[in-house]
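First the structure, in the form of structure tokens, and then the observations on it.
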């Protein structure tokens, strides 16, 4: 059987061994907006739970637009020219508009990378485009503390703006349930101390921290609380299909419009599966998500729910930029040295997670399900050693060996990785 896995920019062609019973798990056919720019314009003209854009900006001096960083394939090149054009047509001055890249604790997007992210020279030449830096104390303002005890410090450029708009992609997220909306605010433009508490093991150990789960998810609830503390805002939410075409867009009050976008997305992203598999093959969703191993963990977690106890999970990820940050490498060293249980116990005692430690925590939880195997052409030998998972040089050969040992030739294949979440529902 031939299948193309999402891998880098071009994909990875895989010829699975003869005789396998491969269940390919992917989205159903999604609608595609034939005129995406017009669809964005229409969404802005028909807001959900808010006034029209013209009414929103009336009398306001500063407008802050949050956008995802380069780890998300948001079609900014379509969205931003329309949004900013509409703002200007409604009376906003170009010099009053700031596009703020919600990097969280990721590195800034600059130079050619920023141009690729924005996707429009006109936007770059017309308004101010800047990065958020979570470690710069002076860039943040303290808003108070959540009932959970999280000190809320947010980028003052957003907090002080008269109009606040988050432009995001709604997709499954292995901690927050779904990305987009409130997530661009926290962790997107939060101070590192706020992020380190939101991503602490004592939150991540909660049973409702999972892909596609919002109700009872403590991270989601903290994010909503932070939105309220910031004074609310608006969101322009997008959903894309497997080929990155715009399938859905809406605009309105940040909480309700995000929930409406999630409601649209659920039937496509959440795939009921009636069994668990001893062998599962998945990806890290290809470029831009699979540029490093740090983001690859999302693919591991997304597929682990249908892995039979003690099974084998194979993931392909290009990792063209290597493992990730130095802080993440150190966290992985601690995971490998301590082992899964001790690592989770030690991190659960900390109020503030170490930077990027949370990805190691999520991997450790997934490792309890079975054995993880990685195919990657971008990691060095040293980088592979720090993944903490088994390195394979041929996916086809490794899968053939695995199914032979387990004497079970039925496998699950998830070409799009964490953008499709198989959910075990026996008897479905």
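Scanning the range 139-155 for residues that are more than 11 Å from residue 186 (Cβ to Cβ) and either part of a strand (DSSP E or B) or under 23 Å from the mean Cα position of the chain (by Cα) (or both) gives 140, 141, 142, 144, 145, 151.
On the given criteria, is residue 355 assigned by TED's automatic domain parsing to the domain that holds residue 319 and farther than 15 Å from residue 328 by Cα? No; evaluated as a whole, the condition is false for this residue.
Considering each of 85, 77, 104 in turn, give the residue that is assigned to a loop (DSSP other than H, G, I, E, B), more than 30 Å from residue 278 (Cα to Cα), modelled with pLDDT of 95 or more and not assigned by TED's automatic domain parsing to the domain that holds residue 398. None of the other options fit; the residue is 104. Taken over the range 299-326, the residue count meeting the criterion of being surrounded by 24 or more Cβ atoms within 10 Å (Cβ to Cβ) and closer than 16 Å to residue 8 by Cβ is 6. Applying a threshold of 6 Å to beta carbon distances and a minimum spacing of six or more residues, or different chains, the list of pairs starting in the range 285-313 at a residue that is closer than 13 Å to residue 371 by Cα and ending at one that is in a helix (DSSP H, G or I) reads 300/366; 301/362; 301/366; 304/366; 312/402; 313/303.
For (1) free of Cβ contacts under 8 Å to residues at least 60 places away in the same chain; (2) under 21 Å from the mean Cα position of the chain (by Cα); (3) not in a helix (DSSP H, G or I), each residue gets a yes or a no:
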residue: 323; (1), (2), (3): no, yes, yes
residue: 335; (1), (2), (3): yes, no, no
residue: 353; (1), (2), (3): no, yes, yes
residue: 359; (1), (2), (3): no, yes, no
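Of the residues making up the range 172-212, those that are outside any loop (DSSP other than H, G, I, E, B) and under 18 Å from residue 352 (Cβ atoms) are 190, 192, 193, 194, 195, 196, 197, 198, 201, 202, 203, 204.
Quick grid of which residues meet (1) within 15 Å of residue 65 (Cβ to Cβ); (2) in contact with a strand residue (DSSP E or B) (Cβ under 9 Å, 6 or more places away or on another chain); (3) buried (at least 22 other Cβ atoms within 10 Å of the Cβ):
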position	(1), (2), (3)
121	no, no, no
126	yes, yes, no
141	no, yes, no
144	no, yes, no
149	no, no, no
152	no, yes, yes
160	yes, yes, no
165	yes, yes, yes
170	no, yes, yes
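The values are calculated or read from the model by the stated rules, or taken from the named source; none is laboratory data. What you are looking at is a predicted structure, and each value in this text was computed from that prediction instead of being measured. Glycine gets a Cβ as well: all are built from the backbone with ideal geometry, and neighbour counts include every protein chain shown.
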